[in-house]
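The values are calculated or read from the model by the stated rules, or taken from the named source; none is laboratory data. Bear in mind the structure is a predicted one, so any value in this text is a computation, not a measurement. In this analysis, Cβ positions are derived from the backbone assuming ideal geometry, glycine residues included, and neighbour counts consider all displayed protein chains. Just the protein is used for accessible areas: all its heavy atoms, side chains included, with ligands, DNA and RNA removed. Shrake-Rupley method; radii C 1.70, N 1.55, O 1.52, S 1.80 Å.
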Amino acid sequence: MATCPECDAEIEVDEFDVDKGDLISCPDCGTNLEVTGTSPVELEAADDDDDDDEEEEDEEADDDFDDEDTDVDEDDESDGEDWEE
């Protein structure tokens with residue numbers, strides 16, 4: 001049995017079913033928790049802010065992509081017709 005560090009709920013976790021570094025979710029408050037110890041099971045709030053920052057950076061990079069660079073010119077299309085022979 002472990003305790004959620006956010007809402008103090010009792011979480012039934014078998015120490016043989018988890019490893020240090022595993023992520024679980026509190027069934028009461030939904031907080032993502034990281035297993036920091038297995039005997040006894042110890043939990044800490046998972047630091048998932050880094051993952052969110054990386055996702056935001058990826059989205060910003062996608063927004064910066066210029067769609068005009070991917071447009072096909074009419075001249076390019078006529079060249080492609082030669083390939084169909």
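I'd like the residue in region 12-41 that is part of a loop (DSSP other than H, G, I, E, B), in contact with a Cys (Cβ under 8 Å, 6 or more places away or on another chain) and open to solvent by less than 40 Å² (accessible area, probe 1.4 Å) and, out of all such residues, is farthest from residue 2 (Cα to Cα).
Here the answer is 31.
In region 1-11, which residue that is hydrophobic (A, V, I, L, M, F, W, C), touching a residue at least 24 places away in the same chain (Cβ under 8 Å) and assigned to a loop (DSSP other than H, G, I, E, B) is surrounded by the most Cβ atoms within 10 Å (Cβ to Cβ)?
So, considering only residues that are hydrophobic (A, V, I, L, M, F, W, C), touching a residue at least 24 places away in the same chain (Cβ under 8 Å) and assigned to a loop (DSSP other than H, G, I, E, B), the one surrounded by the most Cβ atoms within 10 Å (Cβ to Cβ) is 4.
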